[in-house]
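First the structure, in the form of structure tokens, and then the observations on it.
The values are calculated or read from the model by the stated rules, or taken from the named source; none is laboratory data. Because the structure is a prediction, the values reported are computed rather than measured. A quick note on method: Cβ atoms are made from the backbone with ideal geometry, for glycine too, and the neighbour counts reach across all protein chains shown.
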Amino acid sequence: MEYQVGVIAGDGIGPEIVREARKVLDRIGETYGHKFHYEEILMGGASIDATGVPLTDEAIARAQSKDAVLMGSIGGDASTSPWYKLPPDKRPEAGLLKLRKSLKLFANLRPAYLYGELREACPLRDDIIGDGFDMMIMRELTGGLYFGKRVTEERGGLMTAEDTLVYNEEEIRRIAKRGFDIARKRRKKVTSVDKANVLDSSRLWRKVVEEVARDYPDVTLEHMLVDNCAMQIVKDPKQFDVILTENMFGDILSDEASMVTGSIGMLSSASLNETKFGLYEPSGGSAPDIAGKGIANPIATILSAAMMLRYSFDLDAEADAVEAAVRRVLEEGCRTIDIMPRDEGKKAAVTQVGTAEMGDLIAGRIGK
Ligand code: IPM
Ligand code: MG
């Protein structure tokens, strides 16, 4: 089959990590007889430099015309980059939010899984890790605080800023259904995370999630307050299967969950709408401090490409092959700097490799 893939390399480490994911996709193409056609699309700082805005209408249309979009990362160092002297709606992040909203990518899946080989990179105690953990964060991506009305103005002589958190029942229902559908294919447990002891939006969230749960009697539902959830992720991550939550809580909890898997460089993500289209990106940022050094971990981007094969193209065997290749390379002891063992004594047992070498190794382990 032939697939049209939009590529948003973006800023910082984005181009380096996307290059490795393409390498792996091309290897999949050669092995399984597919052809991936790529077209570069500008977004973020790279788009600001070229066009003055973080995302043009033309770029949105181009992304929409593809079967899927693979993305690196966008943004720069907020204290030094000229992009952050622009008004907030012209900064790199605004491009990403606009793309998610324009393409109606309401369902964001972020799998946080601890590879056995990365136990040594996990900051949690051995007795907490146990046999490891495997959670799927299902984050609502096009509503809530990040898309509500916001204003900064003087009120009664005081500078005042206001952000608005809005959810309607339909927005909650569609993401809840996705959460339960995914749980059905996993360990059949949904932890819905909210702040229902304070927020009206959370109380509606809880009510609608309970309604949806009635159609999934085989899936266990529990509710958890977000502050408690932040604690439970480091106290007992094994208890989680699917974590279903709204936009900002999911943003925060997914960074936390990624760290307990060893590194944010391991956390892939898929942003989906009601069609087969998806935007696939690592959950980490553009890491401008290490950009161009050839040391960034490309695994999250490679695993995001695997999610693209699975969710947008229905190529399960190919997706399995990518995931197996990642596992093989980790088993063989290859590590980028962020997933090196913490204990000095254990460093000798593994080999530190750079971004391109990691991509070559993973591509090289793909075979039928
Ligand atoms: C993420 C990022 C984005 C978000 C930023 C860059 C707008 O942190 O994908 O988690 O908050 O969604
Ligand atoms: Mg984030």
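Yes or no, residue by residue, for (1) outside any strand (DSSP E or B); (2) within 16 Å of ligand 1 (Cβ to nearest atom); (3) in contact with a helix residue (DSSP H, G or I) (Cβ under 9 Å, 6 or more places away or on another chain); (4) not basic (Lys, Arg):
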site: 153; (1), (2), (3), (4): no, no, no, yes
site: 159; (1), (2), (3), (4): no, no, no, yes
site: 165; (1), (2), (3), (4): yes, yes, yes, yes
site: 174; (1), (2), (3), (4): yes, no, no, no
site: 177; (1), (2), (3), (4): yes, no, yes, no
site: 186; (1), (2), (3), (4): yes, no, no, no
site: 193; (1), (2), (3), (4): no, yes, yes, yes
Evaluation of residue 131 against (1) under 30 Å from residue 350 (Cα atoms); (2) modelled with pLDDT of 95 or more (one fails), failing number: (2)
From 194, 200, residue being more than 16 Å from ligand 2 (Cβ to nearest atom), of a type in the set (Asp, Glu) and surrounded by 19 or more Cβ atoms within 10 Å (Cβ to Cβ): 194
Checking residue 308 against (1) closer than 23 Å to residue 330 by Cα; (2) in contact (Cβ under 8 Å) with a residue 12 or more places away in the chain; (3) part of a loop (DSSP other than H, G, I, E, B), the condition it does not meet: (3)
Search result, residues across segment 250-277 that are surrounded by fewer than 24 Cβ atoms within 10 Å (Cβ to Cβ), in contact (Cβ under 8 Å) with a residue 40 or more places away in the chain and more than 12 Å from the chain's Cα centre (by Cα): 259, 260, 263, 273, 274, 276, 277
Residue pairs meeting the criteria (Cβ under 8 Å; at least 6 apart or on separate chains; first on the phi < 0 side of the Ramachandran plot, in segment 51-74; second among the β-branched types (Val, Ile, Thr) and in a loop (DSSP other than H, G, I, E, B)): 54/74; 59/41; 62/41; 63/41; 69/41; 72/13; 73/13
Residues of segment 287-299 classified as touching a helix residue (DSSP H, G or I) at 6+ places or on another chain (Cβ under 6 Å) and either in the same structural domain as residue 138 (by TED's automatic domain parsing) or surrounded by fewer than 24 Cβ atoms within 10 Å (Cβ to Cβ) (or both), total: 2
Search result, residues across segment 285-316 that are within 12 Å of residue 16 (Cα to Cα), within 16 Å of ligand 2 (Cβ to nearest atom) and among the aliphatic types (A, V, I, L, M): 287
Residue match in segment 226-233 (condition: of a type in the set (A, V, I, L, M, F, W, C), closer than 19 Å to residue 11 by Cα and within 16 Å of ligand 1 (Cβ to nearest atom)): no
Residue list for segment 271-294, restricted to those being in contact with a Leu (Cβ under 8 Å, 6 or more places away or on another chain), among the small types (Gly, Ala, Ser) and away from ligand 1 (no atom under 12 Å from the Cβ): 278
Lone qualifier among 303, 279 - being assigned to a strand (DSSP E or B) and closer than 23 Å to residue 12 by Cα: 279
Scan of segment 82-94 for residues that are over 19 Å from residue 141 (Cβ atoms) and surrounded by 18 or more Cβ atoms within 10 Å (Cβ to Cβ), ordered by number: 83
Among (1) surrounded by fewer than 17 Cβ atoms within 10 Å (Cβ to Cβ); (2) small (Gly, Ala, Ser); (3) under 14 Å from residue 138 (Cα atoms) - the single one residue 179 does not satisfy: (1)
Enumeration of residues in segment 82-138 that are in contact (Cβ under 8 Å) with a residue 24 or more places away in the chain and among the hydroxyl-bearing types (Ser, Thr, Tyr): 102, 113, 115
Criterion violated by residue 244 - all others in (1) away from ligand 2 (no atom under 13 Å from the Cβ); (2) out of contact with any helix residue (DSSP H, G or I) (no Cβ under 7 Å at 6 or more places or on another chain); (3) outside any helix (DSSP H, G or I) satisfied: (2)
Matching residues in segment 47-67 - criterion: being surrounded by 24 or more Cβ atoms within 10 Å (Cβ to Cβ), hydrophobic (A, V, I, L, M, F, W, C) and within 19 Å of residue 280 (Cα to Cα): 55
Subset tally (residues that are assigned to a strand (DSSP E or B) and more than 15 Å from residue 10 (Cβ to Cβ)) for segment 56-73: 1
